[in-house]
Amino acid sequence: MTRIEGSALTRVFLSYAPGDAARAAEVGRRLRVAGCEVRLESTHIRPGQDFLAIFDQAVANSDAVVILISRSYVAAGAFSRNDWITCTVGRTTPIVPVILDDVDAAYYLGPFETLSVDMLSPDLIDRVIRRVPPARGVTKPSISTWISRLAIGAADEQENPRTALEHPAIWRVPLDSKTYFTGRGDLLDILYREAANSKSAILTHGLTGQGGVGKSRLAAEYAHRFRQDYDVVWWIRSSAQSSMNEDIAQLGQELGVWAPHDSSWRDAGPRVREWLETTDSRWLLVFDDVDEPASVQRALPSKGHGHVLITARNPSKVPANARRVYVDVLPDKAAVDFLLARTGSEDGTGAHKVARELGNLALALEQASAYISATGVSFEDYLKRVGTYRRRSSRQLAQHPRLRRLSDEQRASVVLLAACTLSVDAVMERDPWSRNLLEYFVFLETSPIELDLLRELEPALNISAGPLRSLSRYALIEFAADESVVVHPLVQQVVRSQMSAERQDLVRRHLLHWMELSFPEQADDRRYWRTCGSLAPHAASILQQTTGDDSLTAQLVLHRLGKYLFSRGDTRSSLLYLQRAASAVLQSDSSPRDISDVLLNDLAVVWADEGDWAQAVQVGVDIFQRRLSRVSSTTIDGPLVAFANNLAAALADSGRLGDADSLYQSLHSTLKVATAMSPEVFAALVTARHNWATVLDELGKLDNAESVYREVLNDKHLVYGSAHPETIVSLLGLAQVLRRRGDCTGALSLAENAFAGAGRALGEYHPLTVSALDVLAAVSDDMGDAAASFVFAERAYGRRRDAVGAQHPSTIEALYILAGITRRAGDVGRAENLFEHLVELLRESLGPKHPKTVGAVRELALLRDEGAYRVMSRTRRLVETMRSHDDDDPALSSTRRRLFLDQVEVLD
């Protein structure tokens, strides 16, 4: 900040309303005591005056500007929060509103950084007004300001329609409240009355109507005006699924039920919904610009103390359970009152003509009042100018062969096109850079655009405070409190329609290039999520309006956006962008191969996560074929081998064994084991061939499986040795193949070698050692050696139980095998005990209805029936023997025989 040369005094311009002279003098005295040179001036900013010009004059010869906000000042309705930000953006001179009365500063000035004090102390003045100048070279503008509450002789006799109310603890509404908001009192009353008197736990209102009537503005005004009735107020962008997910996740973070570092967006929705359903707090959710009602329906809580507002142009976009509220154009009187209040004019007749010319459309009226205020023209002059533009727009639309009569929507488009184009031309005449900046805005997301992001475009766009202020003065953009701007979607649509195809293509290409440079390449890294989250909506908007993806820049942005959305848990949106990028890559001959492979691999990962293995595998096949075509006959490509192995495993897991076999054959015929091969490549290739043998085994191609297994074993013996785990794995695989071929002797020999080698090298409890016991038990069972089979199976079960616990899946499987072997050995009693224990474990670990539990219960029942049948058969044979005995047989007395037969009759 600049000081008076040779003095420590700070020059302060003190502005106040005409009725506040006495209190202004007291504030001035306190400022002088604190070391300020004060210039007092009674300033009554009337509606329609150039708010920015007045502040420019005040700032020109001052180090700070202090404005006393009183009830009389507010009653004039001459400013809005957007006006305040327009004046402060890009300035280093502090502009300090001082609240004299009990005025609702949050309503009129928005959620600025607020300093609540009872009195202006010298220390406060030093910190807020007599600020230390910024460091040299720092030119970053700031739109934040300080608000001091000063109680000096408040005028109690004046009626204040609003009380000083703070925002709820959890609050986000990007659109401001307007001090000159008018014409919607009946709708606001309906929304509030129905919410207050609703007998249902949650009331949902759907605000519908044509574009430009002010649906979003009505929802924002409701949130501002009745915020004291809610503990949580949250605005959710709903035009795209990714934006909705992000806003809901941010709400979860504010509520403390979700943290970005330990879960994804898909976890945030259920947690937020559960909190809203169970809390005693009152909450308000606004779903703005809904495009997919099903997504909103999934996000809505089913119970709780809440109110939901939904805005949508088409009534069909509103969920069926919502109460629809149609938002029409403004009534005649409300439209006229708005123009008079906003411009400060008293020409009611002229205002009525302008309102009628613009069809009472709220957005067009806002454009008109801003134009009149900025240029100082009369209503009559504005009518002439906008009429010329409207006739031109109507002629353009009438040239369409299918349009004989304009619909209400088309007439509204003509009105907006005329009003907006008139304002754009006026801005361009005053500041040509403003139009360039606006043309870039119209391809970005309509949600708040952070100025920090826009500053990164400064080398190309020459962004400065001047163009931003000009656009704001003409209501083409609106500032929000969090250093961002909002552009109405219809304004975007109008500006785009006035751009040539060449100009649109140039702007899109420049924005894509900027997005490529700004969007982090490691988009799935948590460290870059904040940057990605700010850029993602705008990247999606640019890509949505880009007709071709053949450029590498578009493919890179699509890829990074898809990676980011997948890392946040939004698989559905991620697939849209990754598929689009993959389609462009596969059709392009200029895309770098390494980038293409990474992109396709990420797409396969997302498909697999979604559970669609067929799609994932197909993408993998495309990658393999592309990479295989680049491998010469003398080249050993280690990464390709590893990728092919993983792909073939995915094919096998999805049941496509034949495709897996074909892929392995292609790999085997292309890449051969070489003596000079690196250990890494050798390991990858041998592993792939081992897995190929497994696939051949499952396909029943036992001869081929045996041949591949023996080749693999020879290679492993040479490199690893006989006791290496890799060698033992292949030994066991070959043993299983020989067993299925009926060569039990050969299988038994291989299994014994594997068991001995694993026991010596790895220990008796190693999984491979226990797996060798499983193979020995199975081979012995096939050979009819029940005793040996039981011993091996019992030992395998006992070691698994001791190593990993009785309820581990592998232990339960071993118990099942042991029970089956025991049953086949004829030991029904022991088998029944083992099956009973198995059923008990399965019920505890998997539940009584799990298929494995049901199967074990069925086998136990069959086993019991089998045991009972054997007992009955032995009993009947004994009965026949007893009956055949002679009564004089001394071996059995008649009494004992009679008693036994009685018991047998009971058994029968």
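One table, with the values for the structure above:
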{"item": "Of all residues in region 482-491 being open to solvent by 10 Å² or more (accessible area, probe 1.4 Å) and part of a helix (DSSP H, G or I), the one that is nearest to Leu451 (Cα to Cα)", "result": "Pro489"}
{"item": "Filtered residues of region 587-622 (kept if of a type in the set (S, T, N, Q), within 17 Å of Leu651 (Cβ to Cβ) and modelled with pLDDT under 75)", "result": "none"}
{"item": "For Ser662: the one exception among (1) closer than 26 Å to Thr769 by Cβ; (2) at pLDDT below 90", "result": "(1)"}
{"item": "Number of positions in region 367-385 that are surrounded by fewer than 23 Cβ atoms within 10 Å (Cβ to Cβ), closer than 14 Å to Val424 by Cα and not hydroxyl-bearing (Ser, Thr, Tyr)", "result": "3"}
{"item": "Verdict on Val272 being touching a helix residue (DSSP H, G or I) at 6+ places or on another chain (Cβ under 7 Å) and hydrophobic (A, V, I, L, M, F, W, C)", "result": "yes"}
{"item": "Unique residue being over 28 Å from Val712 (Cβ atoms), in a helix (DSSP H, G or I), at pLDDT below 90 and not aliphatic (A, V, I, L, M) when the list is Gly820, Gly784, Gly757, Gly826", "result": "Gly820"}
{"item": "Within region 187-224, tally of residues that are buried (at least 18 other Cβ atoms within 10 Å of the Cβ), in a helix (DSSP H, G or I) and either of a type outside the set (A, V, I, L, M) or on the phi > 0 side of the Ramachandran plot (or both)", "result": "6"}
{"item": "Filtered residues of region 762-786 (kept if over 51 Å from the mean Cα position of the chain (by Cα) and free of Cβ contacts under 8 Å to residues at least 12 places away in the same chain)", "result": "Gly784, Asp785"}
{"item": "The one condition in (1) open to solvent by less than 60 Å² (accessible area, probe 1.4 Å); (2) assigned to a helix (DSSP H, G or I) that Asp703 fails to fulfil", "result": "(1)"}
{"item": "Meets criteria (modelled with pLDDT of 70 or more and open to solvent by 20 Å² or more (accessible area, probe 1.4 Å)) for Glu450", "result": "yes"}
{"item": "Residue in region 348-362 that is closer than 18 Å to Gly212 by Cα, part of a strand (DSSP E or B) and not β-branched (Val, Ile, Thr) present", "result": "no"}
{"item": "Residue identified as farther than 30 Å from Ser264 by Cβ and modelled with pLDDT under 85 among Ala501, Ala465, Ala480", "result": "Ala465"}
{"item": "Some residue of region 521-533 being among the basic types (Lys, Arg), closer than 25 Å to Ser238 by Cβ and out of contact with any helix residue (DSSP H, G or I) (no Cβ under 7 Å at 6 or more places or on another chain)", "result": "yes"}
{"item": "Looking only at region 802-846, and only at residues there that are basic (Lys, Arg) and in contact (Cβ under 8 Å) with a residue 12 or more places away in the chain, the one that is least open to solvent (accessible area, probe 1.4 Å)", "result": "Arg823"}
{"item": "Residue in region 373-382 that is β-branched (Val, Ile, Thr) and within 19 Å of Gly214 (Cβ to Cβ) present", "result": "no"}
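The values are calculated or read from the model by the stated rules, or taken from the named source; none is laboratory data. What you are looking at is a predicted structure, and each value in this text was computed from that prediction instead of being measured. Cβ: placed from backbone, ideal geometry, glycine included. Neighbour counts: every protein chain shown. Just so you know, the surface numbers come from the protein's heavy atoms only, side chains and all, with ligands and any DNA or RNA stripped out. Shrake-Rupley method; radii C 1.70, N 1.55, O 1.52, S 1.80 Å.
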